[in-house]
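Take a look at the structure below.
The values are calculated or read from the model by the stated rules, or taken from the named source; none is laboratory data. Being a predicted model, the structure only gives us computed values, none of them experimental. Neighbour counts are summed over all protein chains in view; Cβ atoms, including those assigned to glycine, are modelled from backbone coordinates with ideal geometry.
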2 protein chains.
Amino acid sequence: MPNAYQQLTHRFQRLSRFAHLGAIAGWDMQAMMPPKGAAARGEALAELRLLRHQLLTEPVVGDWIAEAKTLPLSSSEQANLHEITRQYTLATVLPGNLVEAQSLAGSRCEHAWRTLRASNDWASFEPLLKEVVSLAREEATLRAEATGVSRYDALLNLYEPGMNSAKLDTLFGSVKTWLPDLIQEIMARQARYPLVTPQGPFSTSLQRETGLDVMKVLGFDFEAGRLDISAHPFCGGVPDDVRITTRYSEDDLFSALFGVIHETGHARYEQNLPREWRGQPVAEARSMGIHESQSLFFEMQVGRHPLFLKQLRTLVLQHFPQQPALEEDNFIAWNHRVTPGLIRVDADEVTYPAHVILRYEIERALVEGNIEVGDIPDLWNEKMQASLGLSTQNNYRDGCMQDIHWTDGSFGYFPTYTLGAMYAAQFMATIRQKMDTDEIIHTGDLTPVFNWLNSNIWNKGSLLATDELVKQATGESLNPDHFRQHLITRYL
Amino acid sequence: MPNAYQQLTHRFQRLSRFAHLGAIAGWDMQAMMPPKGAAARGEALAELRLLRHQLLTEPVVGDWIAEAKTLPLSSSEQANLHEITRQYTLATVLPGNLVEAQSLAGSRCEHAWRTLRASNDWASFEPLLKEVVSLAREEATLRAEATGVSRYDALLNLYEPGMNSAKLDTLFGSVKTWLPDLIQEIMARQARYPLVTPQGPFSTSLQRETGLDVMKVLGFDFEAGRLDISAHPFCGGVPDDVRITTRYSEDDLFSALFGVIHETGHARYEQNLPREWRGQPVAEARSMGIHESQSLFFEMQVGRHPLFLKQLRTLVLQHFPQQPALEEDNFIAWNHRVTPGLIRVDADEVTYPAHVILRYEIERALVEGNIEVGDIPDLWNEKMQASLGLSTQNNYRDGCMQDIHWTDGSFGYFPTYTLGAMYAAQFMATIRQKMDTDEIIHTGDLTPVFNWLNSNIWNKGSLLATDELVKQATGESLNPDHFRQHLITRYL
C-alpha cells in the first residue's frame with residue numbers, strides 16, 4: 001500500500017502525462033493545425049482541462065497532503081510536497097462558477113479585443129474589460145483570504161511565488177529614479193552616430209537557416225525539440241521535447257533572429273530541468289520571472305553582447321550577401337539602438353522597464369480597487385509622458401489596448417518581464433566574477449556559461465524558493481543595481 | 001436529468017475528445033517528434049489509453065446500454081446505440097491481465113522483429129511470435145464465446161464487422177480459380193512491350209509539390225487537413241483535421257505520388273463522415289475494408305485509370321523535365337506493370353490478392369489451432385509457389401517475416417485489403433452505370449464521382465451495416481466479379 005506522499009507523486013505524474021498531451025495539442029494548434037480543426041481542438045482541450053482540474057482538486061488529494069506532511073521526507077521530497085500543496089491550493093480556492101464566469105468573460109473580451117484594438121475602439125472595449133476586472137477582483141479577494149496577502153499580491157503569486165508589491169515598489173522605485181535620465185543620456189550619445197538601415201527582402205527560409213545555426217551555437221538540443229512558425233512566438237512542449245516558434249518578416253532580418261535566441265533561452269531551461277524529478281511539480285520551472293531571466297540572459301546578456309554580435313554577423317553573412325548595414329560597426333550599433341516607443345513588445349532593453357512599471361502601477365491599483373477601468377487611458381498617457389515623453393492621448397490602440405494580458409484577466413504577470421531582466425543581469429554579474437566571460441563569448445564556445453546556468457538555475461527546478469535560488473547562485477537577493485550597471489556598461 | 005441514451009452520447013463524446021488528443025499526439029509522434037521525446041510520449045499515450053478504457057468499460061455504461069435499449073429511439077439513434085454496444089462489448093470482454101500480457105508480448109515481438117527481420121533470423125523470432133499467437137488464441141476464444149462465432153471470425157470482426165470466413169472462403173476461393181492464369185496472361189502480354197525506366201533523382205520538394213497538386217485535383221480539403229512526412233505513411237488526425245503522411249525517395253517518382261493518392265482516399269472518407277453525428281460511434285468509418293475501398297478507389301480505380309494517368313503526367317511535367325520514360329505511352333504502361341514479387345507492400349493490384357489470400361489462409365489456421373507457428377515458413381513457401389511461382393525457402397525476411405501485423409497480434413486484418421479492392425471495383429462499376437465516368441475523368445473535374453461516394457459511402461458513416469451499405473449503394477452484396485472484370489478490362 002503506497003503511503004500518502006507516494007499517492008501524491010503518482011497523481012501528479014498522471015497529471016503531468018495529461019499536461020504533456022495538452023502541451024503538444026496546444027503547440028499543434030498554434031503551429032500546425034488547419035483552420036477547420038479549431039472547434040474540435042478547443043473542445044478536446046477543454047475536456048482535458050476539466051479532467052486535470054478534477055484530478056487535481058479531488059478531496060482525497062487534500063487528505064493525502066495533510067497526511068504526507070506528517071511523514072519523514074527528504075528535503076527534495078519536502079520541496080516537492082510544497083509545490084504540490086501550492087498547486088492544490090491555487091486550484092481549489094476558487095469556486096467552479098467563478099472560474100467558468102472568468103473563462104467566458106475572458107474569451108469574450110480577448111476575442112473582441114482582436115478587432116476593437118485595430119479600430120481603436122476603447123468605448124466598446126471598456127465594458128468588456130470591466131467585467132474581466134470585476135471577476136479578477138473576486139478572484140484576488142478569495143486568493144488573498146486564503147493566503148493572507150494583499151489582493152494584488154495574491155495574483156502576483158500565481159506567476160512569481162514569493163514576490164510581493166512591497167519588494168516590487170523598492171525594485172521598480174529604484175529604476176524610476178535613474179531610468180529617465182539614462183535614456184536621455186544614451187539617446188544623446190547615439191544621436192551622434194547615424195545608422196544604416198538593413199535593406200530587405202530577407203528570405204524566410206534563409207532566416208530560418210540562420211536561426212537554426214544560432215540555436216546550435218546556443219546549445220539547443222535538437223534531439224529534444226524543434227523550431228517552427230506561429231503567429232505569436234512561444235516556447236511550449238515538454239522538457240524532453242521542447243517546441244519553440246518564431247514568425248518571419250522578409251523586411252526584418254533581426255526580429256525573428258533575436259526572437260529565436262530569446263526562445264532558445266526558455267528552451268534550454270526546460271530541456272535541463274531536473275531529469276530525476278520529471279513529472280513532479282518540483283521539476284517545473286521556478287517562476288515566470290526566472291523563466292524570463294533565461295530568455296533575456298540569452299537574448300540580452302549574451303545575444304546583444306558586442307562580441308557575440310560579431311559572431312552573429314559572421315553567421316548572418318554565411319546566409320545573406322554583404323550590404324552596408326551589415327558592416328561590423330553598424331551591425332552592432334543597429335542592435336544596440338535605444339528608442340522610446342509606444343509599443344512594449346518592440347521596446348529595447350533600456351526602455352522596456354518603463355513599459356512594465358507603468359503597467360504594474362496601473363494593474364495593481366486596478367486590482368486593489370483604487371482606480372476603475374475608466375481611469376486607465378488618462379493614467380496611461382500621464383505615465384507614458386512621465387517615463388518616455390510620449391503621448392497616448394486618444395491612441396488606445398498603441399496605448400492601453402496594445403497587450404493581450406489583461407483581456408483574459410492575467411493581472412500580476414507584467415512585472416515578471418522586468419524581474420527577469422534584473423535576474424539575468426545579476427546572474428551575468430556573478431558569472432563574470434567566476435570566469436572570463438568576454439573571452440568565452442569571444443571564442444564562441446559558451447559551454448562554461450551554460451554549465452553555470454545549468455547547475456545554478458536549470459537543474460534546480462523548483463527545489464528552492466526563488467529568493468533562496470538567487471542567493472545560492474549569486475550570494476545575494478535580487479539587486480537591481482546589476483541591471484543598471486549592465487545598461488550603463490553596454491550603452492554609455 | 002438526461003436519459004440513459006443521452007448519458008451514453010455524453011460519455012462517447014468525452015471519449016471522442018480524448019481520442020482526438022491521442023490522434024494528434026500519435027500523428028505528432030510519427031511526423032514531428034524528435035527522438036528524445038519518445039519515452040515521455042509513450043507514457044502519456046499509455047495513460048490516455050488507460051483513461052479511455054476505464055471510461056468505456058465502467059459498469060454504469062453497461063447499465064445505460066441496457067436501459068437505452070428500452071427507450072424509443074430514431075433509427076439513427078438505434079444505429080448509434082448499436083455501435084456503442086459493439087465498442088463496449090469489444091472492450092469489456094477481455095480481462096485486464098490478458099490485455100496487459102498481449103501488450104507486453106506484442107511490444108517485445110514487434111521490437112525484436114525490427115532487427116530480426118533484417119538478419120533473416122526466424123529461429124529467434126519464432127518463440128516471440130508463439131507467445132503472441134498463444135495470447136491471440138486466448139483472446140479469440142473469449143471473443144468467440146461472447147459472440148457465438150468461430151475463433152478466427154471473432155478476430156476478423158474487430159476490423160470488418162459482419163464479415164466471416166465462410167464468406168471469405170467464397171470470395172477468395174473465386175479469386176483463386178482465375179487469378180494465376182490472369183497473371184500469366186497479363187505478363188505474357190506486357191512482355192511484348194519493353195518499358196523505359198524513369199531516371200532520377202527526383203527532388204523531394206518537387207515530389208511534394210506534385211503530390212499537393214494531385215490532392216487538390218482529388219478534392220482534399222486543405223482547411224481541414226495536412227500532408228507531412230513519416231517513415232510509415234498513414235492517414236490520422238480527426239475528421240475536421242485529417243493528417244496524411246508519405247515518404248519520399250529521390251530515386252522513385254511514383255511511390256510517394258501514388259501513396260499520397262491512396263491516403264487522400266482515406267482522408268476524404270474521414271473529412272466527409274456525417275458531420276451531425278461527430279463524436280458519436282455512428283459517425284465513424286464503417287470498417288477497415290470500406291476504408292481501404294476508398295483509398296483503393298482513389299489509387300487504383302481513379303489514380304491508375306489511363307485517362308487520369310494522362311492528367312497526372314501533365315502535372316508531373318509541370319514540376320519535372322521531360323525524359324523518355326515520361327512519354328505518354330511509357331508513363332501509362334509503367335504504372336500498369338504487373339510483376340509477381342515477394343513483398344506485399346510493393347505489389348501491383350493484380351498480384352496483391354495472392355499475398356492477402358496466402359496470409360488469410362495461414363492466420364486463420366493459426367488462430368483456429370490447425371497449424372502451429374513452426375509450420376508457417378513451409379506453408380508460406382508452398383503457397384507463394386502455387387500462387388505466384390516464387391520461392392521463399394530460407395528467405396524469411398522477404399517471406400513470413402515481412403509484415404508488422406502479426407508481431408503485435410493483429411490477426412484478422414489482412415483480408416480487409418482485398419475486400420477493399422473488391423468493394424472499390426464494385427462501387428466503380430455502379431458509378432459507371434450512373435454517369436459517363438471516362439468522360440468525367442477525362443475532363444478532370446471528378447466532382448460527380450465524389451458526390452456519389454459522399455452520399456453513398458462517406459456521409460453514411462456507420463449508420464448502416466456493411467452489407468446493407470453496399471446493397472443500398474450498388475444494388476447487390478459484395479460480388480468479386482466486378483474486381484475480376486476491372487482487372488481484365490485494364491490489363492488485357
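Between A:Arg304, A:Arg247, A:Arg275, which is under 30 Å from A:Leu8 (Cβ atoms) and out of contact with any Lys or Arg (no Cβ under 6 Å at 6 or more places or on another chain)?
After ruling out the rest, the residue left standing is A:Arg275.
When you check B:Arg189 against the structure, is it more than 24 Å from the chain's Cα centre (by Cα) and basic (Lys, Arg), yes or no?
yes
Go through region B:372-395 and report how many residues are of a type in the set (A, V, I, L, M), within 20 Å of B:Glu126 (Cβ to Cβ) and surrounded by fewer than 18 Cβ atoms within 10 Å (Cβ to Cβ).
1
Only one of these conditions is not met by A:Leu317: (1) of a type outside the set (Val, Ile, Thr); (2) in contact with a His (Cβ under 8 Å, 6 or more places away or on another chain); (3) free of Cβ contacts under 8 Å to residues at least 12 places away in the same chain. Which number is it?
Failing condition for A:Leu317: (2).
Kindly list, by first and then second residue, each pair from a residue in region A:377-402 that is outside the structural domain of A:Ala123 (by TED's automatic domain parsing) to a residue that is assigned to a loop (DSSP other than H, G, I, E, B) and basic (Lys, Arg), limited to pairs with Cβ atoms under 9 Å and residues at least 6 apart or on different chains.
Sorted first by the residue in region A:377-402, then by its partner, the pairs are A:Tyr396/A:Arg117; A:Arg397/A:Arg117; A:Met401/A:Arg117; A:Gln402/A:Arg117.
Among the residues of region B:193-215, write down those that are exposed (fewer than 13 other Cβ atoms within 10 Å of the Cβ) and within 14 Å of another protein chain (Cβ to nearest Cβ).
Residue satisfying the conditions is B:Ser205 alone.
Please work out if A:Asp348 is under 30 Å from A:Pro198 (Cβ atoms) and without any contact (Cβ under 8 Å) to a residue 60 or more places away in the chain.
Judged against the criteria, A:Asp348 is a match.
Suppose we filter B:Leu21, B:Leu8, B:Leu81, B:Leu56 for residues that are buried (at least 17 other Cβ atoms within 10 Å of the Cβ), of a type outside the set (Ser, Thr, Tyr) and closer than 30 Å to A:Asp228 by Cβ; which single one remains?
Result: B:Leu21 is the single residue among B:Leu21, B:Leu8, B:Leu81, B:Leu56 that is buried (at least 17 other Cβ atoms within 10 Å of the Cβ), of a type outside the set (Ser, Thr, Tyr) and closer than 30 Å to A:Asp228 by Cβ.
Output the residue which, of all residues in region A:286-338 that are among the hydrophobic types (A, V, I, L, M, F, W, C) and under 30 Å from A:Pro161 (Cβ atoms), is farthest from the chain's Cα centre (by Cα).
Once the filter is applied, the top-ranked residue is A:Val302.
Any residue at all in region B:448-463 that's surrounded by fewer than 17 Cβ atoms within 10 Å (Cβ to Cβ), more than 23 Å from B:Gly219 (Cα to Cα) and of a type in the set (Ser, Thr, Tyr)?
Looking for residues that are surrounded by fewer than 17 Cβ atoms within 10 Å (Cβ to Cβ), more than 23 Å from B:Gly219 (Cα to Cα) and of a type in the set (Ser, Thr, Tyr), one finds none in region B:448-463, hence no.
Filter region A:396-438 for residues that are among the aromatic types (Phe, Trp, Tyr) and within 18 Å of A:His262 (Cβ to Cβ); which is surrounded by the fewest Cβ atoms within 10 Å (Cβ to Cβ)?
Only one residue fits best here, namely A:Tyr413.
Hey, which of the strands (runs of 3 or more DSSP E) in region B:188-304, taking only ones fully inside, have at least 3 residues that are touching a Pro at 6+ places or on another chain (Cβ under 8 Å), β-branched (Val, Ile, Thr) and modelled with pLDDT under 95?
Here the list is empty.
Can you give me the number of residues within region A:227-244 that are within 14 Å of another protein chain (Cβ to nearest Cβ) and within 15 Å of A:Val214 (Cβ to Cβ)?
Looking only at that region, the number is 2.
Assess whether A:Leu463 counts as being outside any loop (DSSP other than H, G, I, E, B), touching a residue at least 60 places away in the same chain (Cβ under 8 Å) and over 25 Å from A:Pro180 (Cβ atoms).
Criteria not met by A:Leu463.
Among the residues in region A:471-479, are any aliphatic (A, V, I, L, M), in a helix (DSSP H, G or I) and touching a residue at least 60 places away in the same chain (Cβ under 8 Å)?
There is no residue in region A:471-479 that is aliphatic (A, V, I, L, M), in a helix (DSSP H, G or I) and touching a residue at least 60 places away in the same chain (Cβ under 8 Å).
In region A:110-125, how many residues are in contact with a Leu (Cβ under 6 Å, 6 or more places away or on another chain) and either closer than 16 Å to A:Ile376 by Cα or not in a helix (DSSP H, G or I) (or both)?
Of the residues in that region, 2 qualify.
Hey, can you tell me all the residues within region B:217-244 that are surrounded by fewer than 22 Cβ atoms within 10 Å (Cβ to Cβ) and touching a Leu at 6+ places or on another chain (Cβ under 9 Å)?
Hits for region B:217-244 are B:Val217, B:Leu218, B:Gly219, B:Phe222, B:Leu227.
Just the residues that are in contact (Cβ under 8 Å) with a residue 60 or more places away in the chain and touching a strand residue (DSSP E or B) at 6+ places or on another chain (Cβ under 6 Å), please, taken from region A:242-270.
Answer for region A:242-270, where residues must be in contact (Cβ under 8 Å) with a residue 60 or more places away in the chain and touching a strand residue (DSSP E or B) at 6+ places or on another chain (Cβ under 6 Å): A:Arg243, A:Thr245.
Residues in region B:305-345 that are assigned to a helix (DSSP H, G or I), surrounded by 17 or more Cβ atoms within 10 Å (Cβ to Cβ) and polar (S, T, N, Q): how many?
The total comes to 1.
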